[in-house]
Amino acid sequence: MPLKYKRVLLKLSGEALAGEKKFGIDYSVVRGICESIKKCASLGAEIGIVVGGGNFFRGRDAGSMDRTRADHMGMLATVMNSLALADALEALGVPVRVQTAITMQQIAEPYIRGRAVRHLEKGRVVIFGCGTGNPYFSTDTASSLRAAEIDADIILKATMVDGVYDCDPNKFDTAVRYDNVSFQEVLEKGLGVMDSTAAAMCRDNRIPVLVFSLADPDNILAAIEGKNIGTIVKEDDSDE
């Protein structure tokens, strides 16, 4: 089946890598995710990845700790997850590069846009660590920024739920899932797809977002093929 999206930015939550352990990394879960990524890459998809760090540390939840320092710790957590993903992909024979927004040259490349795009063109998966490299910005915002910089066709936001709902489906049985929703609605209704900075950046740069469940890792492949899963977030007059 031909791919609907050629170049994508895949956003993974750190919690997804922990599986049922809820903390740290479950390597069987990571391998399952990477097997699906391999299928996409083998079909010619160009894949950039941003991963969160919530399975280790989340800066905004650090209580009385200085927010800037806490966010820097959260950025380091994303690097651990990036290296775990890279290791699993390499074990599967997938060429991969890790680039970090904070220089740590002994373990990863510094983020350079031109180099990242060149890697993608050569069929390498590129994992972007450290978010934007700045405190007070989430990895959702990093996803929006990197997607714009690499000219991604779409952001694939793999989550623990199967789309965008009008209220929390884990708390309310009456929650209704959207098939399509605009960024303006996301911002006005506070739907929790991503933070307002990320949503506004996607809206302003006309980058659609597909929100879907990672319960089945092969949903990543289904998403790239354009199958009807999850919720598409886009502007009303988008051609997507």
Q) Would it be correct to say that LEU17 is in contact (Cβ under 8 Å) with a residue 60 or more places away in the chain and part of a loop (DSSP other than H, G, I, E, B)? A) no
Q. ARG113 passes all but one of (1) out of contact with any strand residue (DSSP E or B) (no Cβ under 7 Å at 6 or more places or on another chain); (2) within 11 Å of GLY133 (Cα to Cα); (3) not acidic (Asp, Glu); which number fails?
A. (2)
Q.
Condition (residue is more than 22 Å from CYS40 (Cα to Cα) and in contact with a Gly (Cβ under 6 Å, 6 or more places away or on another chain)) applied to the stretch 160-173: is it met by at least one residue?
A. no
Q: Kindly indicate whether VAL79 is at negative phi, outside any helix (DSSP H, G or I) and modelled with pLDDT of 95 or more.
A: no
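One line per residue, one yes/no per condition, for (1) polar (S, T, N, Q); (2) crowded, with 18+ Cβ neighbours inside 10 Å; (3) outside any loop (DSSP other than H, G, I, E, B); (4) in contact with a Leu (Cβ under 9 Å, 6 or more places away or on another chain):
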{"site": "ILE25", "(1), (2), (3), (4)": "no, yes, no, yes"}
{"site": "VAL50", "(1), (2), (3), (4)": "no, yes, yes, yes"}
{"site": "MET65", "(1), (2), (3), (4)": "no, no, no, no"}
{"site": "THR68", "(1), (2), (3), (4)": "yes, no, yes, no"}
{"site": "ALA88", "(1), (2), (3), (4)": "no, yes, yes, no"}
Q) Among (1) charged (D, E, K, R); (2) closer than 19 Å to THR132 by Cα; (3) assigned to a helix (DSSP H, G or I), where does LYS38 come up short? A) (2)
Q. Across the stretch 96-110, what is the number of residues that are surrounded by 13 or more Cβ atoms within 10 Å (Cβ to Cβ) and outside any strand (DSSP E or B)?
A. 4
Q.
Among (1) surrounded by fewer than 13 Cβ atoms within 10 Å (Cβ to Cβ); (2) hydroxyl-bearing (Ser, Thr, Tyr); (3) within 29 Å of LEU3 (Cβ to Cβ), there is one condition TYR178 misses while meeting the rest; what is its number?
A. (1)
Q: State all residues of the stretch 217-231 that are under 20 Å from ILE49 (Cβ atoms) and not in a loop (DSSP other than H, G, I, E, B); if no residue qualifies, say none.
A: ASN219, ILE220, LEU221, ALA222, ALA223, ILE224
Q) Can you name the condition, by its number, that MET75 falls short on among (1) more than 21 Å from VAL117 (Cα to Cα); (2) among the aliphatic types (A, V, I, L, M); (3) out of contact with any helix residue (DSSP H, G or I) (no Cβ under 7 Å at 6 or more places or on another chain); (4) surrounded by fewer than 21 Cβ atoms within 10 Å (Cβ to Cβ)? A) (4)
Q.
Residues that are of a type in the set (Lys, Arg), farther than 28 Å from LYS122 by Cα and in contact (Cβ under 8 Å) with a residue 24 or more places away in the chain: does the stretch 197-220 have at least one?
A. yes
(Q) Suppose we filter the stretch 149-175 for residues that are surrounded by 11 or more Cβ atoms within 10 Å (Cβ to Cβ) and among the charged types (D, E, K, R); how many remain? (A) 6
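The values are calculated or read from the model by the stated rules, or taken from the named source; none is laboratory data. This is a predicted model, so every value here is computed, not measured. For neighbour counting, all protein chains shown are included, and Cβ atoms are generated from backbone atoms with ideal geometry for every residue, glycine included.
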